[in-house]
Amino acid sequence: MNALLAFPVALPLAGAAFIALTDDSTPEELKDIPAMLVAAATTTISTIILIRSERVTLVHWFGGWQPRHGLAIGIGFVAEPIGAGMAALAGLLVTGALVFSWHYMEEAPRLYRVLMLVFLGGMSGFALSGDLFNMFVWFELMGVAAYALAGYMVEELGPLQGALNFAITNSIGAFMILFGVALLYGRTGALNLAQIGRTLAGHPADGLVIVAFALLASGFLVKSALVPFHLWLADAYAVAPAPVCVVFAGAMSEVGLFGLARIYWTVFEPSFAPNASAVRDVLLVVGISTALVGAVMAFLQRHLKRLLAYTVISHVGVTLCGIALLNGSGLAGAANLVLSHGFLKAGLFLACGVLLREFRGVDELNLHGRGRRLPVLGTAFAVGAFGLIGLPYVGTFLGHSLLDEGAIQHGHAWLPPLIMVAAGVSTGAILRAAARVFAGWGPKRDPLLTPEPPEEPPEEETNRVLMVTVVVLFVAVGICLSAVPGLQDRTEHAADRFRDRHAYVERTLFGQAGTYGPSAPVVLHRATGASIGYGIGATAIALATALFGLFRQRIPATIRSFGTRTLEPAVDGLKSVHTGIAGDYVMWITVGTAVLGGVWALTLRGP
Amino acid sequence: MTYLPYAVAAWLFLVGLYGVVSSRNLIHLALCLSVMQSATYVLLLAVGYKNKATAPIFRGIPVGHPAVDPVVQALTLTDIVVSVTVVALILALALDVHKQGHTVDPDHIAGMSG
């Protein structure tokens, strides 16, 4: 038995309870310590699980309720490298965020630390669970902690609006997941993922299975904020405290996609195998439209956290494309993107946190040139933005190159150029903001950008050196990840195991341990011509976007007015969809679910 | 086998959804979410129900006598706990909105959009 698997959940939850109980009697200067220690210990255990799971998939049945004759009775945790890696990433980001927020939270910091640990417990449980209903429970636990964290600044209306929109839309997403779970349970009498998959295998998909899949997929897509389910995300991320945004952007958004991938490959893959292209095409369309919409919306923002929030949407779209390819390279690419993006975006959000503390605002135009006196932060911010493009061996490169490889293998050569545009435009938006804030380029006024209600952080002494150090560390790790020898082979290997349903069933239900050979060779693969071309193209687009954002007044008036006339309706239309009203968002979720379900009902049936 | 409970579940879900979409009051909206969640209780219980079966308490009934599925009741109870947490949180946020902005209309909280 691997009782170790219980700790990534038990430790943060017990730690949260401990902190809630003892905080009053802890001396003021020691109050930050326990939460950081608990988060660091959780990360360490998740990492040990990750390393051990590379040899053999680890299984733990709570209370010793082992399966009998291939029939799951109890609730089990199953750790393979991708799930364990997700848990380890979440732990690392929470630890970093807690270190950053040393003295950052002046209002009820106890609740903040407790919520962060509960949030971590929820994410770890979701990543490790092998039981569908159990996944739902972790999903909700993580959700409730996240709603409270998003609305942490309850004295301001912006955070309240963001948290309410977040809570309402994501609750409805969770209901849809629960509906899907109930339908699958009704059909198969099982809640264990391997067991459900085994019962469904061998029967062609019928209406009920398709409806269940559409509901589960929509629920997860709401959490990960894919078009048209994405509208809540910018409201919530723009107003959440910066250290919370780190965990939202780096782990929570990705956890939804992880859930979708997990249920597809353990439960639905055999039923949908004859029509897998229907799943692939629909998800690719959703992914790429999300990537493009997120990038354009990011370009239209002046509130830095809201801008970054839209780039998160764009990134999640790209990651979904990797998963949607339904092959090993694509999935490995998605996993690598999640990893490097998590660190880079963490650095960028924390940099916003420093700006908010220094200048009491994160409005790009108001901060014009004021960042000049923070050269280290400015450099880290710009380098972090460049890391998101995918230049050879830098930042998200590995993820992008694997994803492109997967797309080309499958005859989807149209995909990489579109991803290149999305990555270029969303990075260009960040670079524009960096140039305006830290170098003072471009005009101080720009009517194109959406104004937002200001934030009013209380004045407080904070430890700037520590905060900037955390930013630099996050960015540095994110930048270096693509140049780690052996990482590519290991993630490809992990992705193949993640997709191997038979091995998963044998291991979980029958205890047949397949050990996997010595770890992959520690080599750094040469960048292919296509991926170098991709990197250069995306860089060119990013620079062009940034320069356009800063200096478009210098374009000759005739061309400019023509451009304004043609593009203005589209831009206004796109902006007007993002109303900030929960009811509208729920309407879009309903429409999106109906369309997904309808399309799949027509295309997934029959052999 | 009757389809009535499934129809009731679908009806509750949709009527709650309509309420959420059209709501102009955060407290009303929270209760509409509750209605939607009730749909999941009905669905879960309907999935585990058997005609002419007893409750899943096996003391004093003959071996082999049919009983309804005990798992779905556990799921429903868990679901109720989750629902209480979420509704409580939304109501707490609604209270703060009223305190800060003197409104409970979800369309006019902070005017953040675009």
Rounded to a whole number of µm²/s, how large is the Stokes-Einstein D of the stretch A:244-355 at 20 °C and 1.002 mPa s, given Rh as the Kirkwood radius over C-alpha pairs?
147 µm²/s
Quote the relative contact order of the stretch B:4-108 in percent (integer), defining contacts as alpha-carbon pairs under 8 Å separated by 6+ residues.
30 percent
Modelled label-to-label distance, A:LEU448 and A:PHE510, 7 Å Cα→beta-carbon offset: nm?
6.0 nm
So if we plug the beta-carbon distance of A:HIS203 and B:TYR49 into 1/(1 + (r/R0)^6) with R0 = 25 Å, what FRET efficiency do we get, rounded to 0.05?
0.55
Could you state the principal axis extents of the C-alpha atoms in the protein assembly as shown, from the largest down, to the nearest angstrom?
86, 61, 58
Evaluate peptide B:104-110: per residue, the Cβ atoms of other protein chains within 10 Å of its Cβ; return the mean as an integer.
6
Which far-off residues, 5 or more places away or on another chain, put their amide H under 5 Å from the one on B:THR103, with H placed in the peptide plane?
B:HIS98
I'd like the orientation of helix A:109-128 relative to chain A: the angle between its Cα long axis and the longest Cα principal axis, in ° from 0 to 90, rounded to 10.
40 degrees
Apply 1/(1 + (r/R0)^6) to the Cβ-Cβ distance of A:ILE536 and A:LEU567, taking R0 = 22 Å, and write down the FRET efficiency to the nearest 0.05.
0.25
How many Cβ atoms of partner chains, on average, are near each residue of B:40-46 if near means within 10 Å of its Cβ?
4
Only helical DSSP H runs with n ≥ 4 go in: add -39500 (n - 2.57) per run for the protein assembly as shown, normalise by residue count and round the 222 nm mean residue ellipticity to 500 deg cm²/dmol.
-23000 deg cm²/dmol
Can you list the HN-Hα couplings for the stretch A:263-279, worked out from phi with the Karplus curve (6.51, -1.76, 1.60; θ = phi - 60°), rounded to whole Hz and with x for Gly and Pro?
5, 4, 7, 8, 10, 9, 3, x, 5, 9, 3, x, 10, 4, 5, 5, 4
Using only Cα atoms, locate the centre of the stretch A:199-274 and the centre of the stretch A:526-551, then give the distance between them in Å, rounded to an integer.
30 Å
HN-Hα couplings for the stretch B:17-30 via Karplus (6.51, -1.76, 1.60; θ = phi - 60°), in whole Hz with x for Gly/Pro, come out as 4, 4, x, 5, 5, 9, 5, 10, 8, 5, 6, 4, 5, 4
Please list, ordered by chain and number, the residues whose modelled amide H lies under 5 Å from the amide H of A:VAL227; skip anything fewer than 5 residues away on the same chain.
A:THR290
Distance in Å, no decimals, from the C-alpha centre of the stretch A:297-361 to the one of the stretch A:152-185 is 21 Å
Using alpha carbons only, how many degrees (0 to 90, rounded to 10) separate the axis of helix A:487-499 from the longest principal axis of chain A?
50 degrees
If I take R0 = 60 Å and measure r between the Cβ atoms of A:ALA544 and B:HIS65 in this structure, what FRET efficiency does the formula 1/(1 + (r/R0)^6) give, to the nearest 0.05?
0.20
Can you tell me which of A:435-448, A:58-71, A:134-147 comes out highest on packing, and rank the rest after it, using the mean Cβ neighbours within 10 Å?
A:134-147, A:435-448, A:58-71
Using only atoms on other chains, find how many Cβ atoms lie within 10 Å of each Cβ of peptide A:574-584 and report the average.
5
For the stretch A:124-273, averaging the sequence separation of alpha carbon pairs under 8 Å that lie six or more residues apart and dividing by its residue count, the contact order in percent is 32 percent
Roughly speaking, what is the centre-to-centre gap between the stretch B:18-95 and the stretch A:395-427 when only Cα atoms are used, to the nearest Å?
44 Å
quick shape note, the stretch B:4-108: Cα extents on principal axes in Å, largest first -> 63, 25, 13
Normalised by the number of residues in the stretch A:44-109, what is the relative contact order in percent for Cα pairs under 8 Å and 6+ residues apart?
35 percent
Once the Cα atoms of helix A:81-100 and of chain A are each reduced to a long axis, what angle between those two axes, in degrees from 0 to 90 to the nearest 10, is obtained?
40 degrees
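Each reported figure results from applying straightforward, stated rules to the coordinates on display, with no laboratory input. This structure is a prediction, so every number in the text was calculated from the model and none was measured. Quick reminder, even Gly has a Cβ in these numbers, built from the backbone with ideal geometry, and neighbours come from all protein chains shown.
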